Structures are given as C-alpha cells and as structure tokens.
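All remarks here apply to the structure that follows.
The values are calculated or read from the model by the stated rules, or taken from the named source; none is laboratory data. Quick caveat, the model's predicted, so the values are computed rather than measured. Please note: Cβ atoms are built from the backbone with ideal geometry, for glycine as well, and neighbour counts cover all protein chains shown. Accessible surface is based on the protein model in full, side chains and every heavy atom, while ligands, DNA and RNA are left aside. Shrake-Rupley method; radii C 1.70, N 1.55, O 1.52, S 1.80 Å.
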Amino acid sequence: MAASIQHTLKTVFGFHDFRPPQQEVIERVLAGEDVFLVMPTGGGKSLCYQIPALHRDGVAIVVSPLIALMKDQMDALIANGVRAACLNSSLSAAEAGRVFQQLDKGTLDLLYVAPERLLMPEFLERLGTLKLALFAIDEAHCISQWGHDFRPEYTQLGRLRPLFPGVPIVAMTATADPETRKDILGQLGLPNATVFVAGFDRPNITYTVIPKQKPLAQLGAFLRNRRDEAGIVYALSRKRVDQVAKQLQAAGFSAAAYHAGLPDDQRRRVQEAFQRDDIRIVVATVAFGMGIDKPNVRFVVHYDMPKSVESYYQETGRAGRDGLPSEALMLFGMGDVMTARKLIENSDNAERVRIEIQKLNAMVAYGEALTCRRRALLSYFGDQRDHDCGNCDICTDPPQRFDATVQAQKALSCVYRTGERFGMMHLIEVLRGSKNQRVLDLKHDKLSTWGIGADTPATQWENIIRQLIHLGYLTQDFTRFGALSLSSAARPVLKGETTVTLGMPRNTVETVERTRKRAGAKKDYDQALFDKLRALRKQIADAAKLPPFVVFSDA
Ligand code: ADP
Ligand code: MG
C-alpha cells in the first residue's frame, strides 16, 4: 500500500517525499480509522485526505467553511487531473444539478461542501445511498467556542459519526490550543481518533524572554546589534505602537508604525516598504501579520505580552520563513499581566472570561518558565520533546539557583502582617521601607516588616515574589487588584521548617547574548551561508544608501 500512495504522491501531486506525519495519517485513514490532525498552516494537511480519497472507493466529502478556499482547492485538484467538484451557495440550480448527477453516477473523487449544505436532510439522505470514501473536516476549530473562528453551522457536524458509522473522519486544524482540541474531539464525537500534532517546531527561531524593566532601553539594546535586519515589534495598543515607533525613528532607526487606526493607504505603504526592505522595523499591533509573506524577517519582539500562547506562536512564527536563524524576544512584565486581566474581566460573558483567563495563564506560565522555552512551547501544543533545544535563553543560560529562604520568609511575613490585602508593588514598598504617603496612611511603617528588605532592590523583590506565586507559596487574587495571600505551603517556610530555592533572573539582553556566545549555542542552520547572505544584504543596503542607523540611547 505504501508504494502505491508514494506513486500517487509523485504522479498526481508531483512531490517526492511525504512530510511527517502525512504518510502515517494517510495509512490510518486507508485503514478506516478516524484521525485528528493538528498542523500549522502550510504544513500540508490537504494531502492527508486527498490521497486517501483517491485510494478508497467512493467519493470523499470535504467540509470547508469558505467558498473561496473550496474553489482554490478544487481548481488545484482539477489541474492535477483529479475529479473534484464543490457545492455551495454560489452555484446556480443548474450547476448544482450537474454536481448531483456526477455524485449519483459515482464519477467524483472529492466533493467540497459547505457545512450548512451538507447537513440539509435531503442531502444527508442522498449521501446515505452513496459509497463514501471519507469525511474530511477542514478548519475543524470552527466547531469550538474556544477557537478563534466559531461558526454555529459547524456544531451540527457531530451528527456525522453516528449517521455514517463505517466512514472514516479526518478532522484538521492549525489551532493548537489544547482546550480547543479537546472540545473539537468531543463535539465531533471522535473519542477513538488518533491525534497527530506536527510541524510546530521552528528550529531556526531562538526564543528569549527577559523581565520587562525599562522596555525602550531593552528594545534599543536588542536592536543595536541588528541594524540592518528586518523585524517586527509587536505592542498591544495603538498608542503604544505610535510611541515606540516615534522613539525608534528619533533614534535613527528605519521604523514605521502599523495598526488598524491608520488610513488604509498608509498601512499599505508601510507593508509594501517593509516587504521591499525600505523600512526595516515595523512596530505593530496584531493587525499586522495577515498576509505578510516576507521570508527574511530576522526578529520578532514582543514589547508587550500577547494574550495567548497561540498568538505568541503565530506572531513569532513570522520570523525566519527562509529557514535562516531568527530571534523571538519577549519582554515580560507583571504589569502587562494585570492589564490583560483587567481587559478580560471587563467582559460580561462569564464563559469567555474563563476561557481567556486560562489562555492568559498559559502565556504567563510560558513567560515565567525556568525550563527550556522551546520544550515549554511545544508541549503546550501537544508536541512533547524529550530533550532541551540547546539554544533558548534558558538552555544557554540556565537560571542560577540560590537559597532564598530568608527573602521568602521576609516576603511572606510582610504579606501576613499587612493583612493579605495588598498587591506586589505595595508589599515591595513596605519591605523596602518606603515613606510613600499610602504606606504612611495605612500605618504600614509601624509594622515589624517595614524596611526588613531594604537591602534587596525592588526589581529583585519583584522577581522573588513572582516566583513565590509561581511556586504556589502565594496566591494572587485578580478580582482584588492582584492582592496576595498566603497559601498552605507558606506555613512551613514561615516556621523555618523548610527552605526555598529560587532561580536568579537574567535581566538584560546583553547578558543573555553574552552568555549565549560563551556557551557556543547549538545551531540548526548553516552559519557560513547565513554570514554570506548577511554580507550580501549589507552590500545591497549600502549601495541603495539606506538611512544610517544610529546607536540607540537609553530613554
Ligand atoms: P495546510 O492545509 O496544512 O495549510 P496545504 O495542504 O495547503 O497546507 O499545503 C501547503 C503547501 O505544501 C502546498 O503548497 C502543498 O502543495 C505543499 N505540500 C504539501 N505536502 C507536500 C509534500 N509532501 N512535499 C512537498 N510539498 C508539499
Ligand atoms: Mg488547509
């Protein structure tokens, strides 16, 4: 069987090798099993149902949400000599009639159909009389409210499994979020489907997260070493985008702003200039990205934390499409987490709030991870790795551990003494002995914990407290402005019965890069080729006399 699907791959589609896990997926479907395939856009999901459609008796029914997508797929198949058709609201009655005739005569290999059409009783009845090769459900995340593109007409697709018990179902999506996936499988009623998660790793992207402290200065330090490279800086609000773009321009960078608040023609100009390398850096909201297909994006910086790991993955994935080494840098600050929480909690839809908080928590956990970033990222997508990547910030500069028992005791008792009613920033002021008016008004300067942490800088306290939250000694109540309270794990620490070990933060881009160089970070690409290309790009840039870059100074 494998030889013959290989043959179809070559003769019909013109490809020489399967990509993982196409062959295995195809074999399962040929064996009549249900499959759920999670693979990023462009990974090659279509072949996974198109080849079985040609190898199994009967017609394959493909559910697809968009008429334009359907038509493209159908045209491509027809061009390869495959008997394909589609059925949707854009067809005239006569055209639809011809498709029905082909169906009844059994002269179709694949039929693309909109979900609402598929689920019409008379159509289901007709299908009942036909020999069916398989059902393929493309963009299967449309069935889930957890997904980003919920379509009510998809929810009825759960009826297919009981109605056509012998026909294999292939569900496909690029949406990697675990909750959405669970929901898709549940709703489609495919408890026995084999789940394939593939293609999420981007080995040429190096992931780095640094605590957000002086973001403009940190961004400047990062860009300083990348003067003639193209990159995207994502920020959450239009206002922030405008600010950052202005600052970069003032510092001599070839940068432009991009967000939905700008006129269409201006946005188009920025996108085109970026595409042509006339502008090096685009500072943008998430509105920038759809339809950018620029191979040589060398870095993606998240100036603000994105609201989910999927957004983060999708945005960082715009770097390094050419396979050359690229960087993903995120500035991660607790302030952003609080802002994101507040925005989410403004919604009246309790279910939406629950979903979005869960997604946000996963994002925060990624930012706080003290283990290999790539493993953390891939494991979130269900792609479990048994080894560290060797080139993320954690791998090249593993956090030093230190005995933080004394600091932990100070922080925990400060939480206790102030009545478990205050957020991190206030507690740090008390620990550091601040004479801030609010501290004085609350008489917190009269407490025994006032000033006991004056020897430790505020940023370090922030880091320590964040880890205490992450490790479960403290609980943060976001319905009360992030007020911290003690959890049961805090007791033995306060009583001196147990010690606390924490990781030392790596604070700056410079330290991360220096250590990475020293560690001789593992590379999955051809450095010589990259250097050659970089030199060539520089020559081109010099010849074109692009605006000079000046060194960015601290804001
Ligand atoms: P997806 O649906 O996952 O976004 P597609 O099925 O549209 O991806 O495939 C993306 C691209 O990859 C297409 O141009 C397709 O022809 C190509 N492709 C798929 N499988 C292979 C393969 N085995 N070898 C080479 N190219 C492939
Ligand atoms: Mg597709």
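Numbers for the structure displayed
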read-out: Farthest positive-ward along segment 78-197 dipole, Cα basis, beta-carbon charges - from A114, G97, L157; value: G97
read-out: Probe 1.4 Å, accessible area per residue of segment 429-502, Å²; value: 53 Å²
read-out: Residue-count net charge about I143 - beta-carbon cut-off 14 Å; Lys, Arg +1, Asp, Glu -1; value: -3
read-out: Segment 275-282 - phi-based ³J(HN,Hα) in whole Hz, Karplus 6.51/-1.76/1.60, Gly and Pro as x; value: 4, 8, 6, 7, 10, 8, 10, 10
read-out: Gyration tensor verdict on the chain (Cα atoms; rounded if a/c is under 1.5, prolate if a/b is larger than b/c, oblate otherwise); value: prolate
read-out: Efficiency of FRET from Cβ geometry, N346 and K446, R₀ 60 Å, rounded to 0.05; value: 0.95
read-out: Prolate/oblate/rounded call for segment 157-297, Cα gyration tensor, a/c under 1.5 rounded; value: prolate
read-out: Charge dipole (debye, nearest 20) of the chain; +1 at Cβ of Lys and Arg, -1 at Cβ of Asp and Glu; value: 1520 debye
read-out: Rounded tilt (10° steps) of 350-368 against the dominant C-alpha axis of the chain; value: 60 degrees
read-out: The chain: calculated mean residue ellipticity at 222 nm from DSSP helix runs of at least 4, using -39500 (n - 2.57); value: -12500 deg cm²/dmol
read-out: Å² of accessible area per residue within segment 243-302, as computed with a 1.4 Å probe and no ligands counted; value: 42 Å²
read-out: Dipole magnitude (debye, nearest 20) for segment 169-234, charges at Cβ of Lys, Arg, Asp, Glu; value: 400 debye
read-out: Those trypsin sites (Lys or Arg not before Pro) in segment 314-391 that DSSP places in a loop and that have at most 15 other beta carbons within 10 Å; value: R385
read-out: HN-Hα J in Hz across segment 455-460 - Karplus 6.51, -1.76, 1.60, θ = phi - 60°, x for Gly and Pro; value: 6, 10, x, 4, 4, 5
read-out: Derived scalar couplings ³J(HN,Hα) [segment 387-393; Karplus, 6.51 cos²θ - 1.76 cosθ + 1.60; whole Hz; x for Gly, Pro]; value: 9, 6, 7, x, 9, 7, 4
read-out: Gyration tensor verdict on segment 1-58 (Cα atoms; rounded if a/c is under 1.5, prolate if a/b is larger than b/c, oblate otherwise); value: oblate
read-out: Placed amide H near F196: partners under 5 Å, 5+ positions off or other chain; value: F36, L37, V38
read-out: K10-D149 pseudo-label distance in nm [points 7 Å out on the Cα-to-Cβ vector]; value: 3.5 nm
read-out: Dipole magnitude of segment 196-327, debye to nearest 20 (Cβ charges: Lys/Arg +1, Asp/Glu -1, about Cα centre); value: 420 debye
read-out: Reduced Cα scattering model of segment 45-130, Debye log10 I(q)/I(0), q = 0.10, 0.11, 0.24, 0.27 Å⁻¹; value: -0.22, -0.26, -1.41, -1.73
read-out: Dipole-positive endmost among P65, A255, C48 within the chain (Cβ charges, Cα centre); value: A255
read-out: Amide proton proximity set for L370, modelled H, under 5 Å, gap of 5+; value: none
read-out: The chain - percent of accessible surface contributed by carbon and sulfur, probe 1.4 Å; value: 52 percent
read-out: Within the chain, percent of DSSP bridges classed antiparallel, to nearest 5; value: 10 percent
read-out: Residues with amide H under 5 Å from that of A136, placed H, sequence gap 5 or more; value: I61, V62, V63, V170
